[in-house]
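First comes the structure, then the notes that go with it.
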Amino acid sequence: MSRYSWLSERLLPWYREHRRELPWRRTTNPYPIWLSEVILQQTRVDQGLAYWQRFMEHYPSVTDLAAAKEDEVLKLWQGLGYYSRARNLLTAARQVVERHGGHFPADHNALLQLKGVGDYTAAAIASIAFGIPEPVVDGNVYRVLARLLLISTPIDSTAGKREFRERAAELLDAQAPGDHNQALMELGATVCTPRKPLCHQCPLADKCLARAHDAIDRLPVKVGKTKVRIRHFNYLHIEGPQGLVMERRGPGDIWEGLHQLPLVESTKALGSKGLLNSLRTFLPGAVPTARSERVVHVLSHQRIQAVFWRVSIALEPEFSSDRQWVPKDRIHSVAVPRLVERWLNGELPEKRV
DNA sequence: GAAGCGTGGCC
DNA sequence: TGGCCAAGCTT
């Protein structure tokens, strides 16, 4: 019996009454549950739901997914962000097929070995699909526990991670670990929200130490502030009878594996003269004829200032397996960053050079 | 252990 | 507007 039976007595009835009906909650099949957990990493349900449905339709089983091509998976993932999740998803599916005969292992440590499955996701699958008593600690749990127990240790510190995991393990209801974990997360997502939490609807309100100390809006505590790098991207729109020149982004930078227009990066914003100068080496004989307005695209750690240039060429660009003409009717079959998609869809204002 | 990785919504 | 936040993981 848990030392915190009062928590289960409040939390589980609340969850059963208020939980959102989500498709991956209708099953204990680990495949759709795993898929939902990976999609929902750093992602809201509202944003991820359609992607989950799309993946389930294309790949009804982990074996189907394992047989897919990476470009196809990236295309399905397009727009969801953090694209390493998509590449890791495919790798993990193949690991499940090859190492476990197509069945997810009912074991926390074995799950942890899967690519893209970390502490949180392994615990989520173990508890929700298999009923294994592993505590999950995600952003919601950090927030709920910080407030409920008045913990001011920064959640992005090593000490904080250890402390919150210990508390979560103590609080876990080993009789219903899946529901317990989901209830804690659901409470954080819908009631104990970062701003303007709905304390009057909270089943734990009278137990909440932060509420008693009027400290709710100061918890949880975070220390880290990420600094943002500014970059200037000049995309080259080179169109010909054979289509559009596109290239595939390589490893070691953002948007790995996605496609784009040929890119000239500069240290500062370029005018048409500046671009012409850069093109002298990058694409001899090329001349800019039109451009988009400057568009700012914000990523978690970078701020991209981009201009799309229409360019006429005298010589063929250099091609490789990663840069080639893409026929017009194939352009929308390759995965591109949102920024590039906006240009290709004609959503960016254009002007003369 | 810190840094890097997308996109969209909210105020 | 700019900053914060969202069911984290990898290197």
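How about region A:278-287: which of its residues are at pLDDT 90 or above and exposed (fewer than 13 other Cβ atoms within 10 Å of the Cβ)?
Result: A:R280, single match.
Say we look at region A:249-292 and pick out the residues that are more than 16 Å from DNA strand B (Cβ to nearest atom) and within 30 Å of A:S84 (Cα to Cα); which of these is farthest from the chain's Cα centre (by Cα)?
First pass over region A:249-292, keeping only residues more than 16 Å from DNA strand B (Cβ to nearest atom): A:262, A:264, A:266-292.
If we keep only those that are within 30 Å of A:S84 (Cα to Cα) as well, we get A:262, A:264, A:266-269, A:282, A:292.
On the way: A:P262: 25, A:V264: 27, A:S266: 28, A:T267: 28, A:K268: 29, A:A269: 29, A:F282: 33, A:S292: 28 Å.
Checked region A:249-292; the qualifying residue farthest from the chain's Cα centre (by Cα) is A:F282.
Residue by residue through region A:132-144, note down the ones that are within 16 Å of DNA strand B (Cβ to nearest atom) and either closer than 13 Å to A:L172 by Cβ or not assigned by TED's automatic domain parsing to the domain that holds A:R162 (or both).
A:V137
Please verify whether A:A124 is in a helix (DSSP H, G or I), touching a residue at least 60 places away in the same chain (Cβ under 8 Å) and not hydroxyl-bearing (S, T, Y), treating the condition exactly as stated.
On the way: in a helix (DSSP H, G or I): yes; touching a residue at least 60 places away in the same chain (Cβ under 8 Å): yes; not hydroxyl-bearing (S, T, Y): yes.
In short, yes.
Just name the residue that is nearest to A:K75 (Cα to Cα) out of those in region A:304-330 that are touching a His at 6+ places or on another chain (Cβ under 9 Å) and β-branched (V, I, T).
So the residue we want is A:V326.
Cβ-Cβ distance below 7 Å, separation of 6 or more or different chains: which pairs start in region A:324-342 with a residue that is among the polar types (S, T, N, Q) and end on one that is assigned to a helix (DSSP H, G or I)?
Hits for this filter: A:S333/A:K75.
Check A:A129, A:A122, A:A86 and return the single one that is away from DNA strand B (no atom under 16 Å from the Cβ) and either buried (at least 23 other Cβ atoms within 10 Å of the Cβ) or under 30 Å from A:G250 (Cα atoms) (or both).
A:A122
Any idea which residue in region A:246-277 is surrounded by the fewest Cβ atoms within 10 Å (Cβ to Cβ), counting only those that are over 17 Å from A:V307 (Cβ atoms) and hydrophobic (A, V, I, L, M, F, W, C)?
A:I254
The values are calculated or read from the model by the stated rules, or taken from the named source; none is laboratory data. Just so it is clear, the structure is predicted and the values come from calculations on it, not from any experiment. We place every Cβ from the backbone using ideal geometry, glycine too, and count neighbours over all the protein chains shown.
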